1. With respect to I52, determine if the residue is open to solvent by 90 Å² or more (accessible area, probe 1.4 Å) and either assigned to a helix (DSSP H, G or I) or free of Cβ contacts under 8 Å to residues at least 12 places away in the same chain (or both).
2. For a quick check of your reading of the model, give me the residue pairs whose first member lies in segment 1-16 and is within 21 Å of I42 (Cβ to Cβ) and touching a residue at least 60 places away in the same chain (Cβ under 8 Å), whose second is open to solvent by 90 Å² or more (accessible area, probe 1.4 Å) and assigned to a helix (DSSP H, G or I), with beta-carbon atoms closer than 7 Å and at least 6 apart or on different chains.
3. Can you find, within segment 15-31, the residue that is farthest from H55 (Cα to Cα) among those that are open to solvent by 70 Å² or more (accessible area, probe 1.4 Å) and modelled with pLDDT of 95 or more?
Amino acid sequence: MDEATKGTAVLAACCWLVVILASIDMACGNPTAINGVIGCAIPGAALTVAAIQLHRTR
């Protein structure tokens, strides 16, 4: 794997970590945590797809 693929994958993993933590916070009763879930799930999905595409093409 080259550096671009690794960087994209790490950034995607960070986004998914925020989604997991926001989901736990939402389950604990914080109604505004949905903003973190939505705000990081979309870029997380896009970065995951980008990392897969970079991995397959290199």
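1. no
2. none
3. The residue in question is C28.
The values are calculated or read from the model by the stated rules, or taken from the named source; none is laboratory data. Bear in mind that the values here come from a model prediction, so they are computed numbers and not experimental data. Note that we place each Cβ from the backbone using ideal geometry, even for glycine, and neighbour counts take in every protein chain shown. SASA here: full protein model, heavy atoms, side chains in, ligands and nucleic acids out. Shrake-Rupley method; radii C 1.70, N 1.55, O 1.52, S 1.80 Å.
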